[in-house]
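What follows is calculated from the coordinates using simple rules that are stated; it is not laboratory data. All values reported here derive from a predicted model rather than from experimental measurement. Every residue, glycine as well, gets a Cβ built from its backbone with ideal geometry; the counts of neighbours run over all protein chains shown.
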Amino acid sequence: MTVPESLLPQLRSIRLFLCDVDGVLTDASVFMGGGSEFKRFNIRDGLGLRLLQSAGIRVGWVSARPSPATTERAADLKVDFLHQSSEPKVQAIAAILERAGVDWNEAVYMGDDVVDLGALKRAGFAAVPADAIPEARAIAHYVTVANGGHGAVREVVDLVLRAQGHWEGVLTKFAS
């Protein structure tokens with residue numbers, strides 16, 4: 001994967017990676033029954049988020065839908081910031097940015113639907129999965145090849161790691 005030259009300035013300044021959950025980290029399916037809820041997360045997306053953290057880039061999830069499955073997966077991955085509430089995402093993200101000491105232009109935001117449009121407009125780097133709504137795709141800096149829940153997050157993570165010069169270190173760490 002080669003990072004497009006036009007994206008390098010934005011990607012090099014990233015200090016925080018934020019994303020929606022349903023439709024980005026998952027394929028937007030929720031399985032319910034018997035009092036339980038299940039979601040399918042892509043393992044490569046999870047590893048990618050941990051790789052970002054090892055490179056010093058913090059990670060956060062912002063979901064408009066509280067879910068025990070999301071909470072459990074976030075704890076498993078040691079996500080730095082988790083916000084699950086129906087309040088507008090822009091307000092939630094502004095609070096996370098303040099706590100993290102990061103400006104909008106130093107943040108990736110990855111979303112897929114109408115509740116993500118405000119955050120996508122403000123983010124220093126806005127990314128969406130291939131199956132995001134047309135309005136989200138129209139304002140994104142990058143549209144992934146992969147659909148949500150099928151490696152879309154990892155695709156963006158790899159762009160950030162490569163643009164910031166961390167990719168070779170990742171390869172060295174795991175190839176030796």
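Please check: in the Gaussian network model of the chain (C-alpha springs, under 10 Å), which one of LEU159, LEU47, LEU18 has the largest mean-square fluctuation.
LEU47
Any chance you could get the radius of gyration and Dmax over the Cα atoms of segment 1-130, in Å?
In Å, with Rg to one decimal and Dmax whole: 14.4, 50.
Apply the Karplus parameterisation 6.51 cos²θ - 1.76 cosθ + 1.60, with θ equal to phi minus 60°, to every residue of segment 9-15 and state each ³J(HN,Hα) to the nearest whole Hz, in sequence, with x for glycine and proline.
x, 5, 5, 5, 8, 6, 10
Can you tell which of GLY101, GLY124, GLY48 shows the greatest fluctuation in a Gaussian network model of the chain with Cα springs below 10 Å?
In this elastic network of the chain, the residue with the biggest mean-square fluctuation among GLY101, GLY124, GLY48 is GLY101.
Show me the trypsin sites (Lys or Arg not before Pro) within segment 1-94 that DSSP assigns to loop and that have at most 10 other Cβ atoms within 10 Å of their Cβ.
LYS78
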